[in-house]
Amino acid sequence: MDELKQTIANNLAEYRKQAHLTQQQLAEKINYTDKAVSKWERGEGVPDVLVLKELADIYGITVNDFLASHPVQRKKLRLKDFWAKRWLITLLSAGLVFLIATIVMAVWWMVAPADGREVAKYAYITAIPVALIVTLVFSCVWGKLWMRGVVASALIWTLCLLIHLVLNDVLTNYAWMIYLIGAALQVLVVLWFVLIYFVRRSKQK
């Protein structure tokens, strides 16, 4: 068991160096402390399977590569390309939402030209929170904790804007109050992500 721990420790350190990452930089990517990373690389502890899988995804290898007892072979780790592909997928997915909104606007414009401008306005404004929902899903899978918080906050305020525009024609004097609800939700989102952060920190100790 001690031999396996040391093998994993050596491989963790080797792959991190190949990726040109410091212990601090790696810790930030996986939402752990640099002390935890240092502990793993000294063989004083072993990350759980989920963390090993996350590290393997970052380095573009498999979990089994961490367990290999032979010297780690140098690989061309294209870390920037790996993250660029993830962001490209996210942007393409969000762009697809706006493409659908454009198609809806164009079709409506041809069917009912008189209402075309009004529909165009709502089509694109509606597309913004939908695109942010798509982005939030991908950030929950790939992104860091702070990224999720930023996207979630943007989603709250774009939804408030959309609801304000919809209700403005009906409740002219009170539609602005939707932003009070948005402010309360924003506070809850901040507190939620702060709670998650401290829970993760406590688990690492």
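Laboratory data are not the source of any read-out in this text; all were calculated from the coordinates shown. All figures in this text were calculated on a predicted structure; none of them were measured in a lab. Cβ sites come from the backbone with ideal geometry, for glycine too, and all protein chains shown count toward neighbours.
List of remarks:
- Here the calculated FRET efficiency for Arg200 and Ala68, from their Cβ-Cβ distance with R0 = 30 Å, stands at 0.55, rounded to the nearest 0.05.
- Of Lys5/Lys29; Lys35/Lys85; Lys53/Lys144; Lys17/Lys85, pairs whose Cα-Cα distance is over 18 Å: Lys5/Lys29; Lys35/Lys85; Lys17/Lys85
- In this calculation the C-beta distance from Ile163 to Val107 is compared with R0 = 35 Å, giving a FRET efficiency of 0.90.
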